[in-house]
């Protein structure tokens with residue numbers, strides 16, 4: 001599975017409410033477009049270098065479901081059919097997360113990783129969501145610096161942060177202003193139903209990770225009668241979309257950091273960072289202060305205190321964070337560092353978003369070569385276009401950043417600082433309320449950095465009728481198929497095989513050895529089934 005890692009490892013002073021995109025009425029679109037329900041995909045082999053069973057096709061969908069006779073988009077889909085038609089239950093759509101993650105390659109990964117009795121039940125269906133990869137890809141024309149949004153709040157740099165936010169919004173309007181209002185979760189859910197219709201299926205089953213959980217949840221609300229077996233792995237809280245989901249990175253990094261200090265103190269003989277949690281914490285914050293005053297030369301880069309704090313996700317992996325912090329301290333003290341230490345900046349959120357969303361294995365079936373900022377363009381389109389709850393004035397972002405830097409010192413100011421959504425036009429539609437019962441299975445690791453436990457629990461509460469499988473001790477973003485030793489795999493296998501939800505929520509214990517060998521966020525769901533260019 002490691003050969004697929006590059007795909008996934010890829011996922012002014014006052015802000016006024018300037019319109020980003022051309023104004024459109026906030027009227028609800030219809031659930032689906034009947035005009036597109038009779039398509040027959042023309043399947044072809046995705047690549048001569050890959051199995052002939054891995055097929056690709058394209059379906060057309062309307063840009064705006066309220067105007068199905070207007071402009072269309074191409075949605076790239078892929079499949080590997082069940083090898084056992086007598087046991088086939090239906091189709092299983094797959095989404096890796098994002099927003100902005102390519103999903104065309106997921107059938108290859110799932111085909112290898114799934115147990116045979118589960119695998120036989122489904123045709124595995126991958127797709128690039130609208131605007132992503134090979135599906136009419138969008139761009140904002142952003143350079144590398146403009147894609148970075150891990151911005152610490154400092155009074156002297158806040159005007160530059162506002163200017164960056166405005167620039168991103170303006171460039172998105174100039175490059176793709178006629179399309180971006182429709183790159184939303186609700187429209188992608190409608191596209192999933194268009195895929196269902198094109199495949200001739202009455203219902204779909206679904207496995208979605210991270211942002212894909214929210215996409216799946218929205219589908220259950222728009223199309224409850226067409227929702228079959230849905231697994232929502234590493235849950236996005238529907239009540240937090242989307243500023244709240246960035247802010248939860250800050251609130252939940254604090255208990256993870258406290259856990260890291262305890263673990264590191266217990267291993268004081270190995271790392272020498274302190275023999276009590278307080279001593280470890282003091283060592284860390286002294287290192288941050290040192291790097292703020294005198295950046296640390298580390299791995300060929302100059303590392304500031306803000307760079308260290310921006311890597312807040314690392315602290316969800318104590319056995320990975322401790323050696324890196326030790327290496328940073330050694331470098332600050334002028335001592336030689338271990339040769340095999342990772343690049344600290346790869347653990348920041350911006351670094352993973354900026355890696356884009358291009359599928360590598362279906363290249364011969366689709367001519368699309370998305371722009372380098374494709375993943376980032378989709379990310380902001382969805383986050384800003386799904387909800388109108390973003391503040392429109394810079395003063396509020398500044399107040400929040402100051403407050404949250406004090407309350408959540410690791411990442412609070414990063415999370416609450418100004419974002420391009422401050423300059424986005426109001427959405428075409430409102431966010432989707434979770435009112436309809438959804439008999440789905442939610443899955444969660446206890447120590448997940450991108451969709452933390454609080455978020456996963458709130459998704460479960462929001463979806464009435466759902467059941468939750470919680471892997472206590474589980475580390476990392478993504479659970480099912482990500483680690484063959486996870487205690488969550490068996491309940492998910494059973495649900496996908498039988499369609500029966502557990503009688504009650506399941507809480508199990510992942511073996512400590514399994515949790516500790518999980519790689520950090522260089523591959524958000526490592527080794528077997530990477531689940532998206534882990535934004536959410």
Out of the residues in the stretch 216-230 meeting the condition of being part of a helix (DSSP H, G or I) and in contact with a strand residue (DSSP E or B) (Cβ under 6 Å, 6 or more places away or on another chain), tell me which one is farthest from residue 183 (Cα to Cα). 220
Residues that are under 18 Å from residue 316 (Cβ atoms), in contact with a helix residue (DSSP H, G or I) (Cβ under 6 Å, 6 or more places away or on another chain) and part of a loop (DSSP other than H, G, I, E, B): does the stretch 260-274 have at least one? yes
Counting only residues that are in contact with a helix residue (DSSP H, G or I) (Cβ under 6 Å, 6 or more places away or on another chain), within 21 Å of residue 452 (Cβ to Cβ) and surrounded by 20 or more Cβ atoms within 10 Å (Cβ to Cβ), the stretch 313-339 contains a total of 7
Residues 91, 61: which one is at pLDDT 95 or above, assigned by TED's automatic domain parsing to the domain that holds residue 187, surrounded by 15 or more Cβ atoms within 10 Å (Cβ to Cβ) and touching a helix residue (DSSP H, G or I) at 6+ places or on another chain (Cβ under 6 Å)? 61
Conditions: (1) modelled with pLDDT of 95 or more; (2) in a loop (DSSP other than H, G, I, E, B); (3) in contact with a strand residue (DSSP E or B) (Cβ under 6 Å, 6 or more places away or on another chain). Residue 518 meets all but one. Number of the miss? (1)
Scan 490, 503 and give me the residue that is modelled with pLDDT of 95 or more, out of contact with any strand residue (DSSP E or B) (no Cβ under 8 Å at 6 or more places or on another chain), in a helix (DSSP H, G or I) and under 27 Å from residue 88 (Cα atoms). 490
Taking residue 287 as the residue in question, decide whether it is outside any helix (DSSP H, G or I) and either in contact with a helix residue (DSSP H, G or I) (Cβ under 6 Å, 6 or more places away or on another chain) or not assigned by TED's automatic domain parsing to the domain that holds residue 475 (or both). no
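The values are calculated or read from the model by the stated rules, or taken from the named source; none is laboratory data. On a predicted model such as this, the values are computed, not experimentally measured, just so you know. In this analysis, Cβ positions are derived from the backbone assuming ideal geometry, glycine residues included, and neighbour counts consider all displayed protein chains.
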